[in-house]
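Participant: For reference, the structure I am asking about is given below.
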Amino acid sequence: MTENRSNSSRFVSTYNQLDEYMRDQLGNDKRNTIYYHRVHGMASKEATFRKYKLLLHSFGELRNAIVHDYGRNEMEIIAEPHLDHVETYERILADVMNPAMALDTIAVKVKELYTLKPEYDVLKAIQIMSKENYSYAPLLDNDQIIGVFSEESLFDYLNDFGKMDLTNGLKLKDLKKYTTVNDHRSEAFQFASEKETVADLEERLRGIKDQHRRFEVVFITKNGKLNENLLGMVTIWDLAQSMI
């Protein structure tokens, strides 16, 4: 009986904390006078709320089903929620109030990335990437991305020239046409700001419409721009795992 009572208390407490948080965030907007509308209002602003919008609406309805309100601050518990519902609601509360930043959670920080420079030897880059099983390597100049070296870079070069002489000191700068970020034939790379959440990047993945280029990597910079220092990188596999 104590556990059941605890379930209802925890659920209502979570509801109240979330409702108060939404009120604070939305201010005195008259369009957001009830919990349902406040969830909708927050979802219009933040990806993390959009991610959980339907669940939050459902939990709002569940709260009304387990509580009978007598008036201001007076209520009676008339039903008990399942423990798994309580724990899910609490987890969502923590996530929406303190959303996980992509750079801090799923990104590989730049200091841990294998990066290249224009003067770097192509053969050496291939050997290291093959050994370490790296699919992509950012090409940096003064810590800013000027390109991405991948298998496609090699294939497109070979398609144009028929062969590649790796014994004669071929440098990455000689492959500029095939490494420029926006010139990859079938690979797509995007940029995100350091303030974007995991949910923001998950939305990018779900919103991809390009049928001709694969969405492969998101590079994180301060403001999500190409001409800024690289801070980290998130692959499509990192994003997919975060959505499981």
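The values are calculated or read from the model by the stated rules, or taken from the named source; none is laboratory data. This structure is a prediction, so every number in the text was calculated from the model and none was measured. Cβ placement follows ideal geometry from the backbone for every residue including glycine, while neighbour counts extend to all protein chains displayed.
Participant: Residue 143 - would you say it is in the same structural domain as residue 113 (by TED's automatic domain parsing), more than 26 Å from residue 232 (Cα to Cα) and acidic (Asp, Glu)?
Facilitator: The answer is no for residue 143.
Participant: Tally time: how many residues in the stretch 196-213 are loosely packed, with under 13 Cβ neighbours inside 10 Å and either touching an Asp or Glu at 6+ places or on another chain (Cβ under 9 Å) or over 15 Å from residue 243 (Cα atoms) (or both)?
Facilitator: The total comes to 4.
Participant: Now for a separate question. Looking only at the stretch 86-105, which residues are more than 22 Å from residue 6 (Cα to Cα) and either aliphatic (A, V, I, L, M) or free of Cβ contacts under 8 Å to residues at least 24 places away in the same chain (or both)?
Facilitator: Correct list: 96, 97, 98, 100, 101, 102, 103, 104.
Participant: Could you list all residues from the stretch 146-168 that are β-branched (Val, Ile, Thr) and in contact with a strand residue (DSSP E or B) (Cβ under 8 Å, 6 or more places away or on another chain)?
Facilitator: Of everything in the stretch 146-168, those that are β-branched (Val, Ile, Thr) and in contact with a strand residue (DSSP E or B) (Cβ under 8 Å, 6 or more places away or on another chain) turn out to be 146, 148.
Participant: Right, another one. Do any residues in the stretch 49-63 that are among the aliphatic types (A, V, I, L, M) have Cβ atoms under 7 Å from those of residues that are not in a helix (DSSP H, G or I), where the two are at least six apart or on different chains, and which pairs are they?
Facilitator: These pairs meet every condition: 62/81.
Participant: Which one of these is out of contact with any Leu (no Cβ under 8 Å at 6 or more places or on another chain), polar (S, T, N, Q) and touching a residue at least 24 places away in the same chain (Cβ under 8 Å): 229, 168?
Facilitator: Going through 229, 168 in turn, the sole match is 229.
Participant: Moving on to the next point. Would you mind listing the helices (runs of 4 or more DSSP H) fully within the stretch 1-100 where at least 2 residues are closer than 21 Å to residue 242 by Cβ and not assigned by TED's automatic domain parsing to the domain that holds residue 198?
Facilitator: Those helices (runs of 4 or more DSSP H) span 35-43, 47-66, 83-97.
Participant: Shifting gears a bit: Would you check which residues across the stretch 146-173 are among the acidic types (Asp, Glu) and either surrounded by 14 or more Cβ atoms within 10 Å (Cβ to Cβ) or more than 21 Å from residue 136 (Cβ to Cβ) (or both) and list them?
Facilitator: 152, 156, 165
Participant: What about residue 205, is it in contact with a helix residue (DSSP H, G or I) (Cβ under 9 Å, 6 or more places away or on another chain), modelled with pLDDT of 85 or more, in the same structural domain as residue 148 (by TED's automatic domain parsing) and not charged (D, E, K, R)?
Facilitator: no
Participant: When you go through 79, 94 one by one, which is the residue that is closer than 18 Å to residue 52 by Cβ and surrounded by fewer than 15 Cβ atoms within 10 Å (Cβ to Cβ)?
Facilitator: 94
Participant: For the subset of the stretch 106-117 comprising residues that are in contact (Cβ under 8 Å) with a residue 60 or more places away in the chain and not polar (S, T, N, Q), which member is surrounded by the fewest Cβ atoms within 10 Å (Cβ to Cβ)?
Facilitator: Checked the stretch 106-117; the qualifying residue surrounded by the fewest Cβ atoms within 10 Å (Cβ to Cβ) is 109.
Participant: For the stretch 11-67, how many residues are surrounded by fewer than 14 Cβ atoms within 10 Å (Cβ to Cβ) and under 21 Å from the mean Cα position of the chain (by Cα)?
Facilitator: Residues in the stretch 11-67 being surrounded by fewer than 14 Cβ atoms within 10 Å (Cβ to Cβ) and under 21 Å from the mean Cα position of the chain (by Cα): 3 in total.
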